[in-house]
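The structure appears right after this line, and notes come after that.
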Amino acid sequence: MTRVSNDKIVINPKELKARLGGADDSASKEFTDSVADEILSAMNCSYILKKTDIRFTENGCNLGFGNIASANLRRNLTGCGSAYVLAATIGHDVDRALRNASLVSTAKHFVLDAVASSAVEALCDYIQDSLPEQTKAFILDSGVNGLADFFIRELEMQGRLLEFVDAYKIGISVNDSFMMTPMKTITAIMGIKL
């Protein structure tokens with residue numbers, strides 16, 4: 001389990017602009033800047049990862065928590081002998097800030113959600129840049145973007161992945177409907193290039 005100081009998280013302005021629907025006028029930027037600090041101060045960034053061997057199967061691969069039937073994942077991990085399995089979150093306080101904003105202002109909630117989504121992506125970028133090996137990231141799931149193709153077919157894999165990395169140690173859980181909390185949580189596989 002690793003905690004990351006909020007000042008290490010650098011939100012990509014292009015990512016945030018895309019999440020805001022491309023808004024680029026000064027009034028939009030001023031409003032975004034005025035509410036972004038609310039998310040940034042609420043963040044409690046942490047992650048947990050586990051290094052594992054990759055065993056390729058006929059129709060996918062096994063990373064230690066079950067067979068994943070996905071030609072896409074297999075193709076993305078080609079050239080890798082091992083991988084990091086990752087769970088990362090910006091914390092429960094962000095969920096509270098988003099829930100409170102949704103009760104007050106749709107516009108504020110929209111902007112805060114975009115900032116939070118961009119922040120959890122920035123956390124993953126920070127993690128990948130911090131690893132000693134050269135990796136290729138393959139995002140499996142995020143509360144931000146929804147489930148990847150193979151997890152739609154095998155939703156229970158999300159729970160197995162979280163158990164595999166002991167994600168409960170950083171407060172991540174999954175409910176019976178396979179929704180993760182905190183909402184701004186990402187799981188990923190980062191193949192380690194040979």
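The values are calculated or read from the model by the stated rules, or taken from the named source; none is laboratory data. From a predicted model like this one, the values you see are computed outputs, not experimental measurements. Quick reminder, even Gly has a Cβ in these numbers, built from the backbone with ideal geometry, and neighbours come from all protein chains shown. Keep in mind that these areas ignore ligands, DNA and RNA; they rest on the heavy atoms of the full protein, side chains included. Shrake-Rupley method; radii C 1.70, N 1.55, O 1.52, S 1.80 Å.
Observations, loosely collected:
- Shape summary: the range 1-112 maps onto an equivalent ellipsoid whose semi-axes, from the alpha-carbon gyration tensor, are 36, 17, 13 Å in decreasing order.
- The dipole here belongs to the chain: it is taken about the Cα centre, uses +1 on the Cβ of Lys and Arg and -1 on the Cβ of Asp and Glu, and is about 420 debye.
- Note on exposure: Leu103, Leu161 ranked by accessible area (1.4 Å probe, complete protein assembly) read Leu103, Leu161, with the most exposed listed first.
- Of the listed residues Phe31, Phe65, Phe164, the order by accessible area with a 1.4 Å probe, largest first, is Phe31, Phe164, Phe65.
- Cα gyration tensor shape for the chain, rounded if a/c is under 1.5, else prolate or oblate: prolate
- Rounded to the nearest 10 Å², the accessible area of Glu15 at probe 1.4 Å: 60
- Solvent accessible area, Å² - Val10, 1.4 Å probe, full protein context: 110
- Of Ser118, Ser28, Ser46, the one that fluctuates the most in a GNM where the chain has Cα springs shorter than 10 Å: Ser28
- Rounded to the nearest 10 Å², the accessible area of Tyr84 at probe 1.4 Å: 20
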